[in-house]
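Comments concern the structure below.
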Amino acid sequence: MGSSGRFSVLLVTDDVEEIRTVCNLIKRHFPQFHIAKSEEEALKIIVDKKIDVLLMGLKTLQANEVCYLHLLSSKQCVANILYRKIVLCSREELKEAFSICNKDVFDDYFIIRPLYDPYHILLRLRFIRRVRDNRDPTAISSFSLDDLCNYFDQVVNCQDVLDGLNEASYEKLLSIVSFSMEKMKESIFEEGSLPQGQKNEIGSLIDKHTENNLIKGVSDHQKETQQQLHNAVQDVAAIAQLKKKKLENPEPVTFTDSNILLIEDDSSIRDNIRDTLNAAGYSAQVSASATHAIQLMRTWKPDIIMIDLRLPDMSPLYVINTIKNDPELQNARILVLAKAGDKESAQEAMKLGVHEVMRKPVDRDMLIYKIDYNLKELKKAQHA
């Protein structure tokens, strides 16, 4: 790791011109800034210059990940030299970038395409330098906590902003529809050979079509979209509140009385979810098949049952129906895990009365939030 007397940054990129603005900005504020255009050049600079922060800025996220892993395998000392690794990505790669950072391949990501705020990367680099040098750790801790809590507050309060934007877009769309139909009427009425009676009849038909079909269709679509947006923001805001609470009160919360059953045939997904639950203080029993799970539930009644919508031995809808028909499981909370393409199965599951539909791969924070929420709902039902 670099010494506290200097701070060095390396950018690995195959197109310097594309991010020239960021390069110039970093160079002005961090004199020990280097650029490499190949793995070999990057490896030499890391070892010779004792690089503190590695910025991976190749064309694609996959290329960045592969290049970084090659660097690690080339020399064992690379992992010990680098203090932080940040991957540069496009807006379209945002979810994938989060997933890679979540697996601890990189420490952070920064959206470079499109480049919204080049100065923000400077704030990250300055903060990394302060933490590395351990200067005024109390101030750093306070700043970091306040900064994150303020950010989470903004996430929680963003619903009003989004509602306003959605309403403005809706009004704009309605005005465009009305304007277009009026222009259509004007165009038709310019035909001078039409009698006034026919003009009135055509105008009435156009107005009726506009009101009953176009405007109503726009309104219905807007309401559906608004509800979807509201639900999505609510989930994100709930996670933000949970993260803020953990920051302000880091004591772990353990539900020793919780019983969770996970029915999932994919071993990697099953192990990942179980490890996440165990790390959060929950106890989870797992099953790789519906047959085994149903046999298990004859003698053991879990509080929460998570069911994959693609089981190898029988329909998950049959499993859900079996649970619903068991008097001892009438209060159990059912969460189904769905992949892209499971829309019809998810809709059928919701008709049967499941409590949550979660998209795979499951986000860790979202999973803990959903488990926590459903346990609280279960306890409310038990005390009602």
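Against the definition (open to solvent by less than 30 Å² (accessible area, probe 1.4 Å) and touching a residue at least 12 places away in the same chain (Cβ under 8 Å)), how does Cys77 come out, yes or no? Walk me through it before giving the result.
On the way: open to solvent by less than 30 Å² (accessible area, probe 1.4 Å): no; touching a residue at least 12 places away in the same chain (Cβ under 8 Å): yes.
No; evaluated as a whole, the condition is false for this residue.
When the residues of region 315-374 are narrowed to those that are assigned to a helix (DSSP H, G or I), touching a residue at least 24 places away in the same chain (Cβ under 8 Å) and open to solvent by 60 Å² or more (accessible area, probe 1.4 Å), which ends up nearest to Ala97 (Cα to Cα)? Outline the logic, then answer.
Going residue by residue through region 315-374, those that are assigned to a helix (DSSP H, G or I) are 316-324, 327-329, 343-351, 364-374.
From what's left, touching a residue at least 24 places away in the same chain (Cβ under 8 Å): 316-324, 328-329, 345-346, 348-349, 364-374.
Of the ones still in play, those that are also open to solvent by 60 Å² or more (accessible area, probe 1.4 Å) are 318, 321, 324, 328, 348, 364, 373.
Working: Tyr318: 37, Asn321: 38, Lys324: 39, Glu328: 43, Glu348: 33, Arg364: 15, Tyr373: 27 Å.
Per the stated criteria, the residue is Arg364.
Return a yes/no flag: does region 248-259 have any residue that is open to solvent by 50 Å² or more (accessible area, probe 1.4 Å), modelled with pLDDT under 90 and part of a helix (DSSP H, G or I).
Our first condition is that a residue be open to solvent by 50 Å² or more (accessible area, probe 1.4 Å); within region 248-259, this holds for 248-254, 256-257, 259.
With modelled with pLDDT under 90 added as a condition, the list becomes 248-254, 256-257, 259.
Next, from what is left, pick out any that are part of a helix (DSSP H, G or I): 248.
Scanning region 248-259 turns up at least one residue that is open to solvent by 50 Å² or more (accessible area, probe 1.4 Å), modelled with pLDDT under 90 and part of a helix (DSSP H, G or I).
Tell me, please, whether a residue that is modelled with pLDDT under 95, in a loop (DSSP other than H, G, I, E, B) and open to solvent by 60 Å² or more (accessible area, probe 1.4 Å) can be found in region 7-19.
Among the residues of region 7-19, at least one is modelled with pLDDT under 95, in a loop (DSSP other than H, G, I, E, B) and open to solvent by 60 Å² or more (accessible area, probe 1.4 Å), which makes the answer yes.
Looking at Arg364, Arg359, which is the one that is within 15 Å of Leu277 (Cβ to Cβ) and of a type in the set (D, E, K, R)?
Working: Arg359 fails: within 15 Å of Leu277 (Cβ to Cβ).
Just one listed residue meets the conditions, Arg364.
Which residue, of Lys324, Lys339, is under 24 Å from Gln234 (Cα atoms) and of a type outside the set (Ser, Thr, Tyr)? Can you show your working first?
Details: Lys324 fails: under 24 Å from Gln234 (Cα atoms).
None of the others qualify; the one that does is Lys339.
Glu264 - would you say it is at pLDDT 75 or above, among the acidic types (Asp, Glu) and either surrounded by 15 or more Cβ atoms within 10 Å (Cβ to Cβ) or out of contact with any Phe, Trp or Tyr (no Cβ under 9 Å at 6 or more places or on another chain) (or both)?
Working: at pLDDT 75 or above: yes; among the acidic types (Asp, Glu): yes; either surrounded by 15 or more Cβ atoms within 10 Å (Cβ to Cβ) or out of contact with any Phe, Trp or Tyr (no Cβ under 9 Å at 6 or more places or on another chain) (or both): yes.
Here the answer is yes, as Glu264 does meet what is asked.
For region 282-323, name all the residues that are more than 15 Å from Val336 (Cα to Cα) and of a type in the set (Val, Ile, Thr).
Thr291, Ile294, Thr299
Return the pairs, sorted by first residue and then second, in which the second residue is open to solvent by 70 Å² or more (accessible area, probe 1.4 Å) and not charged (D, E, K, R), the first residue lies in region 204-225 and is part of a helix (DSSP H, G or I), the beta carbons are less than 8 Å apart, and the residues are 6+ apart or on different chains.
If the second residue must be open to solvent by 70 Å² or more (accessible area, probe 1.4 Å) and not charged (D, E, K, R), the pairs left are Ile206/Met184; Val218/Leu173; Gln222/Leu173.
Considering only region 20-27, I want to know if a residue exists there that is free of Cβ contacts under 8 Å to residues at least 60 places away in the same chain and surrounded by 19 or more Cβ atoms within 10 Å (Cβ to Cβ).
We begin by selecting, within region 20-27, every residue free of Cβ contacts under 8 Å to residues at least 60 places away in the same chain; these are 20, 23-24, 27.
Imposing the further condition that a residue be surrounded by 19 or more Cβ atoms within 10 Å (Cβ to Cβ) reduces the set to 23.
Among the residues of region 20-27, at least one is free of Cβ contacts under 8 Å to residues at least 60 places away in the same chain and surrounded by 19 or more Cβ atoms within 10 Å (Cβ to Cβ), which makes the answer yes.
The values are calculated or read from the model by the stated rules, or taken from the named source; none is laboratory data. Everything numeric here is computed off the predicted structure, so don't read it as measured data. All Cβ positions, glycine included, derive from the backbone under ideal geometry; neighbour counts span all protein chains shown. Protein only, heavy atoms only, side chains kept; ligands, DNA and RNA dropped before computing areas. Shrake-Rupley method; radii C 1.70, N 1.55, O 1.52, S 1.80 Å.
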